[in-house]
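S.K.: To start, I am sharing the structure in question, which I have written as structure tokens.
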Amino acid sequence: LDYGVTGLNHFAFVVDNLDDARERLQSLGITPETDADYEPGRRFYFVDPDGVEIELVEYDPT
């Protein structure tokens, strides 16, 4: 993915439980990439079958 090009490069969904989301994706044969902890939570990315990068993020509830 080229982040230097103007336009949509990815979109994100907030999930309640990132570990559950990861397990579900893996059960469907999708490999999560680019794990990262950051303030105020954690996230990972994956690429859907159409080549669109999707971010799943879980925010720290505190």
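S.K.: Which value, in Å to one decimal place, does the Kirkwood hydrodynamic radius take for the chain when every pair of different Cα atoms is included?
M.R.: Its Kirkwood hydrodynamic radius stands at 12.4 Å.
S.K.: Another question, if that's okay. How much of residue 45 can a 1.4 Å solvent probe reach, expressed as accessible area in Å² and rounded to 10?
M.R.: 30 Å²
S.K.: Antiparallel versus total DSSP beta bridges in the range 11-58: what percent is that, nearest 5? Walk me through the intermediate numbers first.
M.R.: Numbers: 10 of 14 bridges.
Percentage antiparallel, nearest 5: 70.
S.K.: Spin-label point model (7 Å from Cα, Cβ direction): what's the residue 52 to residue 33 distance in nm?
M.R.: Distance between the two pseudo-spin positions: 1.7 nm.
S.K.: Enter the accessible area of residue 28 (Å², nearest 10), with the probe set to 1.4 Å and all protein chains included.
M.R.: 100 Å²
S.K.: Give me the dipole magnitude in Debye, nearest 20, for the range 11-58 about the Cα centre, with unit charges on the beta carbon: positive for Lys and Arg, negative for Asp and Glu.
M.R.: Values: 4 positive and 13 negative charges, 15 e Å.
Using Cβ point charges on Lys, Arg, Asp and Glu, the range 11-58 gives about 80 debye.
S.K.: Compare 37, 19, 50 in a GNM of the chain, Cα atoms joined below 10 Å, and give the one with the largest fluctuation.
M.R.: Checking each option, the largest mean-square fluctuation is seen for 50.
The values are calculated or read from the model by the stated rules, or taken from the named source; none is laboratory data. The structure displayed is predicted, hence computed values, not measured ones. Virtual Cβ from ideal backbone geometry, glycine too; neighbours counted across all protein chains shown. Surface areas here come from the heavy atoms of the whole protein model, side chains and all, with no ligands, DNA or RNA. Shrake-Rupley method; radii C 1.70, N 1.55, O 1.52, S 1.80 Å.
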